[in-house]
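For reference, the structure is listed below as structure tokens.
The values are calculated or read from the model by the stated rules, or taken from the named source; none is laboratory data. Quick caveat, the model's predicted, so the values are computed rather than measured. As a convention, Cβ positions derive from the backbone with ideal geometry for all residues, glycine included, and neighbour counts pool all protein chains shown.
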Amino acid sequence: MLEIRWHGRGGQGAVTSGEMLTLAAIEEDKYGQGFPMFGPERRGSPVAAFTRVDDKQIKIRHYVYKPDAVVVLDAGLVDVVDVTDGLKPEGAIVINTSMSAEEMKKKLGFSGKVATVDATRIAWDELGVPIVNTTMLGALLKVVPIVKIASLKTPLEKRFGKIAKKNINALNRAYKEVKISKQS
Amino acid sequence: MAKRKRIGMEVALAAAEAVGMCNVDVAAVYPITPQSHIAEHLSELVADGKTDTEYVTVESEHTSMSVCIGASATGARAYTATCSQGLMLMHELLPIASAMRCPIVMSVANRPVNAPLNILSDHSDIMPQRDSGWIVIFSENGQEVVDLTLMAYRIAEDKDIMLPVIIGIDGFILTHMVEPMEFPDQKEIDKFLPPYKPYATLHPDKPLTMGAFAMPDFFPQMMKAKDMALLNSKKTIVKVWDEWERKFGRRYRPVETYRTEGAETILVTMGSMSETAELGVDELRDKGVSVGLVKIRLWRPFPSDELKVAVKDARVLAVMDRAVSPGTGGGPVFTDIKAVFYGEDSRPIIVNYVMGLGGVDVTVGDFVKMGEKAAKAKKEEYEFYGVMG
């Protein structure tokens with residue numbers, strides 16, 4: 001089973017990212033769970049969401065405490081939330097920042113894979129808004145190949161309708177542009 | 001049985017989809033977190049013409065239940081959904097729905113009741129409805145929400161039952177979870193669930209009275225009839241579940257067991273914590289602790305006989321309550337289970353852990369800890385698990 005934790009700010013789309021990944025896994029006939037950190041929703045405040053993917057039925061029904069991967073949609077959160085909390089040492093963290101992967105790795109002091117991508121810039125270019133959910137999904141899939149990008153097509157089209165194409169472009173660009181730190 | 005493609009969807013939306021397949025005539029739903037997505041999605045299905053339902057946008061839950069009772073009394077198939085404060089506001093109408101034998105179906109997105117305000121999950125809202133005369137069924141996952149919702153009207157409208165049904169769907173833990181589920185085809189459901197043929201209806205051409213004033217000569221008979229109907233409903237409920245199993249392959253029982261063979265200690269759970277508890281049992285068994293799990297699916301009528309059979313060889317029962325029954329010295333499930341064993345020659349030691357209140361995340365590790373503690377129990381215990389003071 002793969003467990004992923006998403007960090008974002010209310011309105012950035014962390015919950016949507018988790019849901020899209022879950023739906024793509026289910027498209028591939030796998031089992032998946034996608035859910036937010038439960039509670040009131042407040043725009044701009046730190047939020048978390050979770051995804052589980054497995055080949056068999058998932059029975060576990062609590063938050064993810066030891067993720068295999070963490071995705072951070074807003075680099076500012078690195079200073080206010082313990083984003084690597086519980087992250088498996090052999091796991092990966094993918095962060096939306098203009099910093100290089102090496103710089104971020106040093107800042108986090110995390111021994112596993114650290115990957116960075118300037119998702120905000122990509123989102124401005126491709127979508128015209130700084131909403132980075134689908135963009136970060138592309139970056140994550142390069143670092144941890146959980147589902148095929150093609151499996152996201154139907155969920156993204158259902159969710160985003162006419163702007164699905166733009167989201168897919170942003171996702172593909174992040175997939176190409178994400179940089180992974182050298183293993184220490 | 002044809003293999004169906006699993007569809008990924010939020011469970012609240014799946015509940016609304018299932019309701020949309022039941023040919024409901026009248027829905028009166030007032031949105032409240034975490035039930036809101038059911039209310040919203042059902043109204044989308046109505047607006048998109050996917051179900052031919054009159055959706056009454058009421059101003060409160062008191063009215064939503066009033067509308068359902070009125071509609072049901074005229075012979076309409078009626079639906080609502082709520083939780084927490086909404087369910088409390090509805091409370092005075094629930095015994096009316098059951099006494100008038102209105103086969104309404106209601107989804108309850110189980111949430112605590114105030115104060116303090118909390119929107120997450122526990123069973124505090126359903127417990128004050130225990131004695132309202134409704135059938136109450138709990139679900140563990142999205143697939144069960146779909147199945148139990150699709151079966152609810154068959155149960156409610158059965159001539160041997162004619163009682164309203166609540167499907168308990170733990171708030172957030174289930175309602176806000178995106179997961180895979182299978183849906184039967186509409187044609188299969190149309191066959192499984194024929195149109196509602198009421199026993200009696202309110203109609204100006206043939207006036208009659210329902211639920212009116214009753215003096216002592218008649219009132220107790222009504223109460224006895226309701227109680228007998230509820231007690232007797234169990235065998236028909238199981239009959240409907242059996243038919244579902246034959247058609248769709250998934251089995252439901254008033255009390256369900258997991259690894260109880262030879263278990264000295266048995267954990268008892270209800271609702272969404274049950275599958276996590278199964279993983280706790282697996283871990284305990286790996287450690288050599290002789291533990292099994294019993295899950296209460298049917299909360300009302302209470303499955304006393306089935307429970308006795310399920311736990312007959314256990315030394316200790318550890319009842320996990322997601323609600324408190326203040327002043328009784330235990331949670332509501334605990335109190336009911338103790339009553340079951342009064343009068344039995346040999347009874348297990350019964351311990352009670354009140355846990356998961358107000359949305360506390362209950363982990364596999366928590367079940368391991370509670371199971372280990374319960375396995376050593378020498379006498380009855382009641383504690384708020386993980387709560388200081």
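In table form, for the structure just shown:
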read-out: Sole residue being part of a helix (DSSP H, G or I) and at positive phi, chosen from A:Gly161, A:Gly138; value: A:Gly161
read-out: For B:Leu208: the one exception among (1) farther than 21 Å from B:Val294 by Cα; (2) at pLDDT 95 or above; value: (2)
read-out: Of residues in the range A:26-61 being part of a strand (DSSP E or B) and among the small types (Gly, Ala, Ser), the one farthest from the other protein chains (Cβ to nearest Cβ); value: A:Ala48
read-out: Strands (runs of 3 or more DSSP E) wholly inside the range B:258-309 that include at least 1 residues being touching a Gly at 6+ places or on another chain (Cβ under 6 Å); value: B:265-269, B:291-296
read-out: Matching residues in the range B:328-366 - criterion: being within 14 Å of chain A (Cβ to nearest Cβ), surrounded by fewer than 20 Cβ atoms within 10 Å (Cβ to Cβ) and of a type in the set (D, E, K, R); value: B:Asp361
read-out: Enumeration of residues in the range B:69-97 that are touching a helix residue (DSSP H, G or I) at 6+ places or on another chain (Cβ under 6 Å) and not hydrophobic (A, V, I, L, M, F, W, C); value: B:Tyr79, B:Thr80, B:Thr82, B:Gly86, B:Pro95
read-out: Residue, farthest from the other protein chains (Cβ to nearest Cβ), within the range B:307-321, restricted to residues that are of a type outside the set (Val, Ile, Thr), crowded, with 20+ Cβ neighbours inside 10 Å and under 30 Å from B:Leu163 (Cα atoms); value: B:Leu307
read-out: Leading residue by the ranking (farthest from A:Gly11 (Cα to Cα)) among those in the range A:93-117 that are in a strand (DSSP E or B) and without any contact (Cβ under 8 Å) to a residue 60 or more places away in the chain; value: A:Ile93
read-out: Residue selected from the range A:62-78 under the condition over 28 Å from B:Val281 (Cα atoms) and touching a Lys or Arg at 6+ places or on another chain (Cβ under 9 Å), by the criterion farthest from the other protein chains (Cβ to nearest Cβ); value: A:Gly76
read-out: Identity of the residue in the range B:83-102, in a loop (DSSP other than H, G, I, E, B) and closer than 16 Å to B:Thr63 by Cα, that ends up nearest to the other protein chains (Cβ to nearest Cβ); value: B:Cys83
read-out: Candidate set: the range B:2-46, residues that are within 11 Å of chain A (Cβ to nearest Cβ) and assigned to a loop (DSSP other than H, G, I, E, B); chosen: the one surrounded by the fewest Cβ atoms within 10 Å (Cβ to Cβ); value: B:Lys3
read-out: Qualifying position, being of a type in the set (Gly, Ala, Ser) and surrounded by 15 or more Cβ atoms within 10 Å (Cβ to Cβ), among B:Ala225, B:Ala277, B:Ala212; value: B:Ala277
read-out: Lone qualifier among B:Val113, B:Val105 - being more than 14 Å from chain A (Cβ to nearest Cβ) and in contact with a Phe, Trp or Tyr (Cβ under 7 Å, 6 or more places away or on another chain); value: B:Val105
read-out: Condition met for B:Ala12 (touching a residue at least 40 places away in the same chain (Cβ under 8 Å), farther than 18 Å from B:Gln186 by Cα and small (Gly, Ala, Ser)); value: yes
read-out: Single match in B:Ala71, B:Ala81 (criterion: under 14 Å from the mean Cα position of the chain (by Cα), of a type outside the set (Lys, Arg) and at negative phi); value: B:Ala81
read-out: Selected residue [at pLDDT 95 or above, among the polar types (S, T, N, Q) and within 17 Å of the chain's Cα centre (by Cα)] from B:Ser64, B:Ser98; value: B:Ser98
read-out: Residue among A:Ile95, A:Ile122 that alone is within 14 Å of the chain's Cα centre (by Cα) and away from chain B (no Cβ under 14 Å); value: A:Ile95
read-out: Hits in the range A:1-39 (condition: buried (at least 24 other Cβ atoms within 10 Å of the Cβ), aliphatic (A, V, I, L, M) and at pLDDT 95 or above); value: A:Ile4, A:Met20, A:Leu21, A:Leu23, A:Ala24, A:Ala25, A:Ile26
read-out: Residues of the range B:163-193 satisfying the condition of being in contact with a Gly (Cβ under 8 Å, 6 or more places away or on another chain), outside any loop (DSSP other than H, G, I, E, B) and of a type outside the set (Val, Ile, Thr); value: B:Gly168, B:Glu179, B:Pro180, B:Met181
read-out: Pairs with Cβ under 9 Å, 6+ apart, first in the range B:119-134 and in contact (Cβ under 8 Å) with a residue 40 or more places away in the chain and away from chain A (no Cβ under 14 Å), second among the acidic types (Asp, Glu) and part of a helix (DSSP H, G or I); value: B:Arg130/B:Asp336; B:Gly133/B:Asp227
read-out: Candidates B:Ile169, B:Ile155, filtered to the one that is within 14 Å of chain A (Cβ to nearest Cβ) and modelled with pLDDT of 95 or more; value: B:Ile169
read-out: Selection from the range B:251-301 of residues that are within 11 Å of chain A (Cβ to nearest Cβ) and in contact with a His (Cβ under 8 Å, 6 or more places away or on another chain); value: B:Gly271, B:Thr276
read-out: Pairs where the first residue, in the range B:305-327, is under 13 Å from B:Leu293 (Cα atoms) and outside the structural domain of B:Met127 (by TED's automatic domain parsing) and the second is of a type in the set (Phe, Trp, Tyr) and crowded, with 24+ Cβ neighbours inside 10 Å, C-beta under 6 Å, 6+ apart; value: B:Val319/B:Phe334; B:Met320/B:Tyr353
read-out: Where a residue in the range B:223-236 is within 14 Å of B:Asp131 (Cβ to Cβ) and in contact (Cβ under 8 Å) with a residue 12 or more places away in the chain and its partner, wherever it lies, is of a type outside the set (A, V, I, L, M, F, W, C) and part of a helix (DSSP H, G or I), with Cβ under 8 Å and at least six apart; value: B:Lys226/B:Ser98; B:Leu230/B:Ser98
read-out: Qualifying residue in the range B:111-124 (condition: buried (at least 22 other Cβ atoms within 10 Å of the Cβ) and within 30 Å of B:Ala214 (Cβ to Cβ)); value: no
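Rundown of residues vs (1) surrounded by fewer than 23 Cβ atoms within 10 Å (Cβ to Cβ); (2) touching a His at 6+ places or on another chain (Cβ under 9 Å), yes/no style:
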{"residue": "B:Pro164", "(1), (2)": "no, no"}
{"residue": "B:Asp170", "(1), (2)": "no, yes"}
{"residue": "B:Leu174", "(1), (2)": "no, no"}
{"residue": "B:Phe183", "(1), (2)": "yes, no"}
{"residue": "B:Ala200", "(1), (2)": "yes, no"}
